[in-house]
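The values are calculated or read from the model by the stated rules, or taken from the named source; none is laboratory data. Note that this is a predicted model, so its numbers are computed, not measured. In this analysis, Cβ positions are derived from the backbone assuming ideal geometry, glycine residues included, and neighbour counts consider all displayed protein chains. In case anyone asks, the SASA skips ligands and DNA or RNA and just uses the protein heavy atoms, side chains included. Shrake-Rupley method; radii C 1.70, N 1.55, O 1.52, S 1.80 Å.
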Amino acid sequence: MKFFYSAIFSVLLLGSCIRPTTEEPVLSGPPADSVYTINVAEAGAVGDGQTLNTEVLQKCIDEVHAHEGGGRVYFGSGKWLSGLLRLKSNVEIYLDAEATLLGSTNPYDYDGGSDAVGRRGDEDVHSGLIVSDSAQHIRIVGRGTVDAQGLDLALAIDSLHHIGERVDPNYNYRRMRPSTRPKLFFLAESDSIYIHGITLKNSAGWGLSLHASTNVVVDSVTVVNRGYWNNDGIDMNDCKHVVVRKCDVNAADDGICIKSDNPESCCEDILIEDCRIASSASAVKFGTASYGGFRNVTIRNIKVYDTFRSAIALETVDGGALENILVENIEAKNTGNPIFICLGARHPYEGKEPGRTGGICRNIIIRHLKAEVPFGRPDEAYDLRGPEVNYFHNPWPSSIAGLPGQYIENVTIEDVDILYPGRATKGMAYVGLYRVTEVNEAANQYPEFSMYGELPSWAFYVRHVKDITFKDILVRLADKDFRPAFVFDDVKGLKMERVNQPENQIFRNNVTE
């Protein structure tokens, strides 16, 4: 049996779309005679939520992997408790609608050998409830749930550190949390991955983590990951040819995040579409790890809500190239910041181009975006709220900022409607326009829309940018704001067409058109 219909991707020029021409796999049903299947209950697993089934479940995976042509490991109704499981080539995990794969809360059930816990690139840990390494043609499908019970697991890891039994050398004492916490899924250096229909819940760390993998489809997956720190929803690190579509993500950290921790690689040919995202950090984010970079990415038809930081955050701060990005049809309600584009030098570029310290950021289109920014915290209802800054400030604008002498290039912002809260006051914070060149460059800081400190505009702050077009723009205020709508500082090749904002509030410093 052929378990995975390989994805074929056609990447067109910027302004078009990444078009996967994959034959859609039909969602697997219950076991059929034509598919080699092992039913975990018949193999001896107990679905009572109390019996640890790791050994039995791994044996099922191994047996299906060894069978010629592979097959399916079937989870019927029940709560199937397990520690770390290694998914292998040509194996499908099928979760029935009443099935829950339940993660153990015992940290020792995730050791899995010396290669399972530790650092890999910019990530804290590459252990997880389900892991793969160099596997091919793997599927995780059905209507069931994977619940990692991550809060209890993280607290157990924390306790073992403090009593000296299992010391974490990278323990974060500032935020009082352990770093070596298993992800829910960690699928590494694997090819032809298909994940459909399931619900992922409650990781101790990241949710679905894809590392250096290729030809991936994540379709109609629900992620609810908001019980502990660093609870990202879906992460892609140096992955190529990936489609994420029709997913519903509610995460206590970044919702869908694209990363690159290998200077010799990058994330490339990525399509994210038709998703709904809430986040106590950013909804869709590039970075923070950005050593190799990001190329040919399309993000479209995204609904963002109750998100503390940016709806769209495009960041390259570790020397990598961020280029050929299309973002379109975005609706963001109750988000702290609509658009954040940052070229920084947190870890300076050390490549072959003399004089270059930062990365490359160019060829970006953001169009058909509508957003509403509240005056207060958008994530007030979250148990884990994003950390606030430690200084007084007024509401921040969207920002597009490069480095002195290293410009963000070729940006188009088109058909955008943003309602900002206003209510700025000079008594809270004030940067006069005569001080516009004094705004902190923050070149080596962790990138967030708050990194520059108080900003002198309320709609868009643009600095160190070359060839940028604003077209069909409506920016509005819910209340008064003393600052101008737009501030441009060191901008070359500025074009503004049909920009509607109150009282022609545009300030230019060192700008050419």
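Angle check, please: helix 150-162 long axis (alpha carbons) against the longest principal axis of the chain (alpha carbons), in degrees 0 to 90, nearest 10.
For helix 150-162, the angle is close to 90 degrees.
List the relative contact order of the stretch 410-513 as a percent without decimals, with contacts defined as Cα pairs under 8 Å and 6+ residues apart.
Over the stretch 410-513, the number comes to 32 percent.
Take the alpha-carbon centre of the stretch 210-247, take the same for the stretch 129-189, and report the distance between them in whole Å.
16
Roughly speaking, to the nearest percent, how much of the stretch 239-302's 1.4 Å accessible area is carbon and sulfur?
Carbon and sulfur atoms account for 34 percent of the accessible area of the stretch 239-302.
Quick check: Cα centre of the stretch 306-323 to Cα centre of the stretch 467-484, how many Å?
A separation of 21 Å, based on Cα centres.
Can you tell me how much longer the chain between GLU380 and GLU68 gets when fully stretched, taken as 0.36 nm per residue apart minus their C-alpha distance, in nm with one decimal?
Values: separation 312, 0.36 × 312 = 112.32 nm, distance 5.27 nm.
Result: 107.0 nm gained on full extension.
Please enumerate, by chain and number, the aspartates and glutamates with C-alpha under 12 Å from the C-alpha of LYS466, excluding those fewer than 8 residues away in the same chain.
GLU409, ASP489, ASP490, GLU513
So between GLU353 and LYS495, what do we pick up on full extension, going 0.36 nm a residue minus the alpha carbon distance?
Extending this stretch completely gives an extra 48.1 nm.
Measuring from label point to label point, each 7 Å out along Cα→Cβ, what is the MET176 to ARG476 span in nm?
It works out to 4.4 nm between the two label points.
Post the alpha-carbon centroid distance, the stretch 421-449 to the stretch 35-90, in whole angstrom.
55
Take the residue pairs LYS240/LYS285; LYS303/LYS333; LYS201/LYS333; LYS201/LYS370; LYS240/LYS333 and return only those whose Cα atoms are more than 20 Å apart.
Distance filter (> 20 Å) returns LYS201/LYS333; LYS201/LYS370; LYS240/LYS333.
So what's the angle, to the nearest 10 degrees on a 0 to 90 scale, between helix 54-66 and the longest Cα principal axis of the chain?
90
Tell me the Kirkwood hydrodynamic radius of the stretch 297-337 in angstroms, computed as one over the mean inverse distance between distinct C-alpha pairs.
Result for the stretch 297-337 stands at 11.5 Å.
Of the peptides 486-496, 469-479, how do they stack up when ordered by the mean number of other Cβ atoms within 10 Å, highest first?
Result, highest mean first: 486-496, 469-479.
Gain in length, ASN106 to ILE163, computed as 0.36 nm per residue apart minus the alpha-carbon separation, to one decimal in nm?
Value of the extension gain: 19.0 nm.
Once you have the alpha carbon radius of gyration of the chain, what is it after dividing by 2.2 N^0.38 Å, with N set to its residue count?
1.00
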